[in-house]
Amino acid sequence: MTDDYYRNPLTDGTENITTDRYEASVSYDKRIKDRSGINFNFAYVKHDRNATNDSYLGDYMATHGDSVPDLRNMRPYLADENSFTATLSYNTKVGQHSLIAGAQSFYDKLEESGMYVVVDENSSFLGQSYRSVGIKSAREFGLFIQDEWAISNKLMLVPGVRLDFHKSGEEYTADQQVFVSNSFPKTDFSETAVNPRVAVKYELTEKITLRANAGTGFRAPYGFSEDLHLCSGSPRVWKSSDLEAETSLSYNFSADYYGKKIRISTNLFRTDLKNKIGFTDADANVSALGYDYQWKNIDDAFVQGIELSVTANLAEKLDMVIDFTANQGKYKHIREDWAGTSWEEESKFISRFPITTGNIKFEYSPGTWSFAATGNLQGSMYIDYYNSEIDQIQGDQSKIKHTDPFMLFNARASKRIGIFKLYAGVNNIFNYVQDERHLDDAAFMYAPVYGTMVYAGVNIDIKH
């Protein structure tokens, strides 16, 4: 940077986002005799956003010979979101049973507007600015009950079930006609779901405990605050009324060993996903309505793996912790956006899902000193790169990269002196950085993009 040009929020290459968030909550607990109680929680959140970035400016300049728009239009994105959440539960003990039952409700409404420019060179409205207004809302209500049944001193059974009612909708309008059709259909989505679960705990010996559980779940196809990061690009996001809820079946089995100086835990897990919901580019018929992205049922998928954790006291004041996970996650079919390319088979792997992860930590704490050394393992993964700035000579360089595994090492030391705690450390000791970068795709991140960092500081404990 050679000047303060970037300080102007209405210039190209600049982004300015002001977000105001207000929260209020209240809770109430009431004991009923010795074995029962009622709990009530209520929360309200108001979320406002005023944003500018260079997307609207860039599109306008590109379609108007580098001239700039009226400054009064340079508040491209405004949003106002209000949400309410309430939970009421009742718990009681009856013999060997600990029962809990209750209800939950949620309401959310988002009103947003954005300034856009028609950039389709085949459109008769090319270069026309317009404001799009969107109203999204959702209502949810759920009932649940769970029984924690102590069958014996060694065996516990915990069955439960949840009933959910979900309804959401979206509506868009534009301040002028800039597409062949100016009729943006309303969308409505309704879903009723029953999700049971059951867990079992068995103390095999004094030191070995076995656990198993299974259950189902669902995710309604709507997203509100998650879309706000799209502010002002060209982002009307379509959610069809024909979308199906994403459902899951999960189960796992684990074993824990509790020794005098060592604890070992293992866990086998698997989750099957049906009608997985993904965020994709708009289909041709959806794009004709002026939308650029859409929520879509992309495929069925599964995630499975094994976890291992070891915590040990190696010597006086010296502790060690090791965690390791081996993962596998795949779609049932190749993804549509990679069909017909050389990356078809790789597209079956869930993006950004490392095959292995792990951590190791040694901590030595003699007296008022503390020394720690850690290592963090991230295995290879598949990550999408979408070439948004296609070179006319090289062509589209989009691909799915299979990354190399890597491990980061960190160290930290601290000393307590009265109310002061002095500390210093170094992260990424061996200066590992991501080996490939693409400035046109900010989401192409799979490793550190900066190297070694040294830090130091002091904590002060003020007690009264």
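Quick note: the coordinates plus some simple rules give every number you see, no bench work behind them. Everything numeric here is computed off the predicted structure, so don't read it as measured data. All Cβ positions, even for glycine, are placed from backbone atoms using ideal geometry, and neighbour counts span all protein chains on display.
What's the FRET efficiency of residue 420 with residue 369 using the Cβ-Cβ distance as r and R₀ = 22 Å, to the nearest 0.05? Given R0 = 22 Å and the Cβ-Cβ separation, E is 0.95. The mean of 1/r over all distinct Cα pairs in segment 26-106, once inverted, gives the Kirkwood hydrodynamic radius of 17.4 Å. Working note: Debye formula, equal point scatterers on the alpha-carbon atoms of the chain, no solvent; log10 I(q)/I(0) at q = 0.07, 0.08, 0.11 Å⁻¹ is -0.55, -0.72, -1.32.
Taking a ≥ b ≥ c as the square roots of the eigenvalues of the Cα gyration tensor, segment 330-408 is classed as prolate, since a/c reaches at least 1.5 and a/b is larger than b/c.
Below 29 Å, Cα to Cα, which lysines can residue 401 reach? Residues fewer than 8 away in the same chain don't count. Of all the lysines, those that pass the test against residue 401 - Cα under 29 Å, at least 8 places apart if same chain - are 274, 276, 296, 330, 332, 348. For residue 317, a cut-off of 22 angstrom between C-alpha atoms picks up these lysines, skipping any fewer than 8 places away in its own chain: 260, 261, 361, 415, 421. Take every Cα pair under 8 Å whose residues are at least 6 apart in sequence, average their separation, divide by the length of the chain, and the relative contact order is 7 percent. In a fully extended conformation the segment linking residue 33 and residue 452 would gain 145.0 nm over its present Cα-Cα distance, using 0.36 nm per residue. Close Lys pairs in segment 1-141, defined as Cα atoms under 21 Å apart and 8 or more places apart or on different chains, number 5. Suppose only helical runs count, i.e. DSSP H with n ≥ 4. What mean residue ellipticity at 222 nm does that imply for the chain under -39500 (n - 2.57) per run, divided by all residues and rounded to the nearest 500 deg cm²/dmol? One gets -1000 deg cm²/dmol as the mean residue ellipticity at 222 nm.
Among the GluC sites (Glu not before Pro) found in segment 295-401, those both in a DSSP coil and sparsely packed, with 16 or fewer other Cβ atoms within 10 Å of their Cβ, are 316, 344, 345, 389. Between segment 34-54 and segment 296-328, how many Å separate their Cα centres? Going from one Cα centre to the other spans 32 Å. Using the alpha carbons alone, the radius of gyration of segment 317-449 stands to its Kirkwood radius in an Rg to Rh ratio of 1.15.
The equivalent ellipsoid of segment 394-450 has semi-axes of 39, 12, 8 Å, largest first, where each one is the square root of 5 times an eigenvalue of the Cα gyration tensor.
Relative to the current alpha-carbon distance between residue 186 and residue 143, full extension at 0.36 nm per residue lengthens the span by 12.6 nm. Annotation: extensible slack from residue 324 through residue 260 equals 20.8 nm (criterion: 0.36 nm per residue apart, minus Cα-Cα distance).
Between the Cα long axis of helix 54-63 and the first principal axis of the chain there is an angle of about 20°, rounded to the nearest 10.
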